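The values are calculated or read from the model by the stated rules, or taken from the named source; none is laboratory data. Since the structure is predicted, the reported quantities are computational estimates derived from the model, not experimental observations. Don't worry about glycine lacking a Cβ; one is built from the backbone with ideal geometry, like all the others, and counts go over all protein chains shown.
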Amino acid sequence: MQLPVVLIELDDRRLTHAREQGLPIVFGDATRPTVLEAARVESARLVLVTLPSYTLARSIVEHARSLNPTVPIVARADSLEALHALRALGVEEAVQPSSRPGWR
(Lines give C-alpha, C1' and ligand atoms only; values in the text may rest on other atoms or scores of the structure.)
Protein backbone atom coordinates (compact mmCIF):
# COMPACT_ATOMS: atom_id res chain seq x y z
CA MET A 1 0.00 0.00 0.00
CA GLN A 2 1.31 3.44 -0.88
CA LEU A 3 0.51 6.39 1.33
CA PRO A 4 0.59 9.99 0.15
CA VAL A 5 3.61 11.80 1.51
CA VAL A 6 5.17 15.24 1.22
CA LEU A 7 8.82 15.71 2.10
CA ILE A 8 10.41 18.93 3.30
CA GLU A 9 14.09 19.23 2.47
CA LEU A 10 16.75 21.90 2.71
CA ASP A 11 19.60 19.91 1.16
CA ASP A 12 19.90 20.39 -2.64
CA ARG A 13 21.29 16.88 -3.22
CA ARG A 14 18.43 15.21 -1.35
CA LEU A 15 15.94 17.52 -3.05
CA THR A 16 17.20 16.50 -6.48
CA HIS A 17 17.19 12.80 -5.56
CA ALA A 18 13.60 12.98 -4.25
CA ARG A 19 12.45 14.77 -7.39
CA GLU A 20 14.16 12.13 -9.56
CA GLN A 21 12.20 9.50 -7.60
CA GLY A 22 8.97 11.39 -8.30
CA LEU A 23 8.34 12.21 -4.65
CA PRO A 24 6.41 15.36 -3.78
CA ILE A 25 8.82 17.66 -2.01
CA VAL A 26 8.89 21.19 -0.65
CA PHE A 27 12.22 23.00 -0.55
CA GLY A 28 12.79 24.89 2.65
CA ASP A 29 13.40 24.99 6.37
CA ALA A 30 10.73 22.97 8.19
CA THR A 31 11.08 25.19 11.27
CA ARG A 32 9.42 28.00 9.31
CA PRO A 33 5.59 28.05 9.43
CA THR A 34 5.35 29.11 5.77
CA VAL A 35 7.24 25.99 4.70
CA LEU A 36 4.93 23.79 6.78
CA GLU A 37 1.98 25.56 5.18
CA ALA A 38 3.42 24.85 1.72
CA ALA A 39 3.60 21.17 2.69
CA ARG A 40 -0.07 21.40 3.75
CA VAL A 41 0.54 20.32 7.35
CA GLU A 42 -2.90 21.69 8.22
CA SER A 43 -4.43 18.68 6.43
CA ALA A 44 -1.76 16.11 7.34
CA ARG A 45 -2.74 12.86 9.00
CA LEU A 46 0.74 12.40 10.49
CA VAL A 47 3.86 14.52 10.91
CA LEU A 48 7.22 12.77 11.10
CA VAL A 49 10.13 14.89 12.35
CA THR A 50 13.50 13.30 11.60
CA LEU A 51 15.89 16.12 12.51
CA PRO A 52 18.21 15.04 15.32
CA SER A 53 18.33 18.46 17.01
CA TYR A 54 15.82 18.88 19.83
CA THR A 55 15.71 22.66 19.34
CA LEU A 56 14.75 22.29 15.67
CA ALA A 57 12.35 19.42 16.35
CA ARG A 58 10.63 21.44 19.09
CA SER A 59 10.13 24.35 16.69
CA ILE A 60 8.63 22.08 14.04
CA VAL A 61 6.34 20.39 16.57
CA GLU A 62 5.11 23.73 17.91
CA HIS A 63 4.41 25.14 14.44
CA ALA A 64 2.79 21.92 13.23
CA ARG A 65 0.53 21.95 16.28
CA SER A 66 -0.49 25.54 15.57
CA LEU A 67 -1.49 24.54 12.02
CA ASN A 68 -3.06 21.19 12.89
CA PRO A 69 -3.74 20.82 16.63
CA THR A 70 -4.83 17.18 16.49
CA VAL A 71 -2.28 15.71 14.08
CA PRO A 72 -0.26 12.82 15.53
CA ILE A 73 3.46 13.62 15.58
CA VAL A 74 6.40 11.21 15.69
CA ALA A 75 9.77 12.82 16.34
CA ARG A 76 13.40 11.81 16.62
CA ALA A 77 15.18 12.68 19.86
CA ASP A 78 18.92 13.24 20.16
CA SER A 79 19.08 12.43 23.87
CA LEU A 80 17.08 10.96 26.70
CA GLU A 81 16.26 14.49 27.89
CA ALA A 82 14.97 15.43 24.43
CA LEU A 83 12.90 12.24 24.35
CA HIS A 84 11.12 13.28 27.55
CA ALA A 85 10.80 16.91 26.45
CA LEU A 86 9.21 15.93 23.12
CA ARG A 87 6.74 13.70 24.89
CA ALA A 88 5.92 16.62 27.21
CA LEU A 89 5.13 18.68 24.09
CA GLY A 90 2.47 16.12 23.18
CA VAL A 91 4.42 14.16 20.60
CA GLU A 92 2.69 10.78 20.33
CA GLU A 93 5.92 8.91 19.81
CA ALA A 94 9.47 10.11 20.38
CA VAL A 95 12.24 7.78 19.30
CA GLN A 96 15.94 7.77 19.98
CA PRO A 97 17.90 5.87 17.30
CA SER A 98 20.58 3.51 18.50
CA SER A 99 24.07 4.91 18.70
CA ARG A 100 25.78 2.38 16.47
CA PRO A 101 29.21 3.31 15.09
CA GLY A 102 28.71 5.34 11.94
CA TRP A 103 25.09 6.24 12.78
CA ARG A 104 24.13 9.79 11.79
Check your understanding: Out of curiosity, is Val35 assigned to a loop (DSSP other than H, G, I, E, B) and not aromatic (Phe, Trp, Tyr)?
Key -> no
Review point. If Glu42 satisfies every condition in (1) closer than 18 Å to Leu7 by Cα; (2) touching a helix residue (DSSP H, G or I) at 6+ places or on another chain (Cβ under 6 Å); (3) outside any helix (DSSP H, G or I); (4) not aromatic (Phe, Trp, Tyr) but one, which is the exception?
Key: (3)
Review point. Can you name the condition, by its number, that Val26 falls short on among (1) over 24 Å from Pro4 (Cβ atoms); (2) not in a helix (DSSP H, G or I)?
Key: (1)
Check your understanding: Which members of the range 1-37 meet the condition of being in contact with a Phe, Trp or Tyr (Cβ under 9 Å, 6 or more places away or on another chain), without any contact (Cβ under 8 Å) to a residue 24 or more places away in the chain and surrounded by 13 or more Cβ atoms within 10 Å (Cβ to Cβ)?
Key -> Glu9, Leu10, Leu15
Review point. Can you tell me which residue in the range 55-96 is modelled with the lowest pLDDT, limited to those that are surrounded by fewer than 18 Cβ atoms within 10 Å (Cβ to Cβ) and β-branched (Val, Ile, Thr)?
Key: Val95
Review point. Going by the structure shown, is Val6 of a type in the set (A, V, I, L, M) and modelled with pLDDT of 95 or more?
Key: no
Point to revise | Matching residues in the range 45-81 - criterion: being farther than 24 Å from Gly28 by Cα and aliphatic (A, V, I, L, M) | key: Leu80
Check your understanding: Do any residues in the range 60-73 that are under 14 Å from Ala39 (Cα atoms) have Cβ atoms under 7 Å from those of residues that are of a type in the set (Val, Ile, Thr) and assigned to a helix (DSSP H, G or I), where the two are at least six apart or on different chains, and which pairs are they?
Key -> Ala64/Val41; Leu67/Val41; Asn68/Val41
